[in-house]
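The values are calculated or read from the model by the stated rules, or taken from the named source; none is laboratory data. Keep in mind the model is a prediction, meaning the values are calculated, not measured. Every residue, glycine as well, gets a Cβ built from its backbone with ideal geometry; the counts of neighbours run over all protein chains shown.
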């Protein structure tokens with residue numbers, strides 16, 4: 001396994017941008033902070049006004065993951081189920097397609113989760129798509145998202161993001 005992303009507060013650490021259901025009138029909140037060498041994603045999910053999701057994402061220089069078999073995360077969370085998302089240059093109706101895979105958290109416990117690339121499903125604005133397949137040679141964005149249909153405060157701490165290698 002190769003550590004793809006570790007977190008520090010240096011100026012060259014890629015920025016993490018919030019995106020939540022406010023883009024469509026919802027009231028959920030979410031933010032990312034780098035604290036003590038970890039990424040901390042937290043906020044509150046609101047189901048009011050057709051809301052229900054919060055996301056933080058980081059833009060990448062086009063990156064090639066094709067020599068790897070999946071993503072590995074070291075995380076600590078609140079017991080909720082989150083998504084890790086990838087995006088390449090693939091588009092649907094002019095917008096970037098998100099490829100996602102879910103992972104559970106154990107409340108207050110550090111765990112490592114493995115997300116094989118073949119577990120990532122394409123979607124457009126939360127709707128499942130039949131394709132195209134994830135283009136691992138052109139990854140442009142990574143993200144964490146919570147959209148579990150449960151209102152309330154949430155938090156996820158990420159120690160690192162790794163790339164797994166092995167037989168394909």
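When the criteria are applied in full, residue 121 fails the requirement of being buried (at least 20 other Cβ atoms within 10 Å of the Cβ) and either without any contact (Cβ under 8 Å) to a residue 12 or more places away in the chain or over 23 Å from residue 152 (Cβ atoms) (or both).
For beta carbons closer than 7 Å, sequence separation of 6+ or different chains, a first residue in segment 127-152 that is in contact (Cβ under 8 Å) with a residue 40 or more places away in the chain and on the phi > 0 side of the Ramachandran plot and a second that is crowded, with 20+ Cβ neighbours inside 10 Å and not in a helix (DSSP H, G or I), the qualifying pairs are 149/52; 152/45.
Among the residues of segment 150-168, the ones that are closer than 28 Å to residue 91 by Cα and more than 17 Å from the chain's Cα centre (by Cα) come to 2 in all. Note on segment 36-54: residues that are under 19 Å from residue 143 (Cβ atoms) and either out of contact with any helix residue (DSSP H, G or I) (no Cβ under 8 Å at 6 or more places or on another chain) or free of Cβ contacts under 8 Å to residues at least 40 places away in the same chain (or both) total 9.
The one condition from (1) free of Cβ contacts under 8 Å to residues at least 40 places away in the same chain; (2) part of a strand (DSSP E or B); (3) crowded, with 16+ Cβ neighbours inside 10 Å that residue 27 does not meet is (2).
Please indicate, with yes or no, whether at least one residue in segment 125-132 is at pLDDT below 95 and in a strand (DSSP E or B). So far as segment 125-132 goes, yes, one or more of its residues are at pLDDT below 95 and in a strand (DSSP E or B). The sole residue among 37, 94, 77, 51 that is buried (at least 18 other Cβ atoms within 10 Å of the Cβ) and at pLDDT below 95 is 51. Take residue 63 and decide whether it is under 24 Å from residue 40 (Cα atoms) and either surrounded by fewer than 18 Cβ atoms within 10 Å (Cβ to Cβ) or free of Cβ contacts under 8 Å to residues at least 12 places away in the same chain (or both). Answer is yes for this residue.
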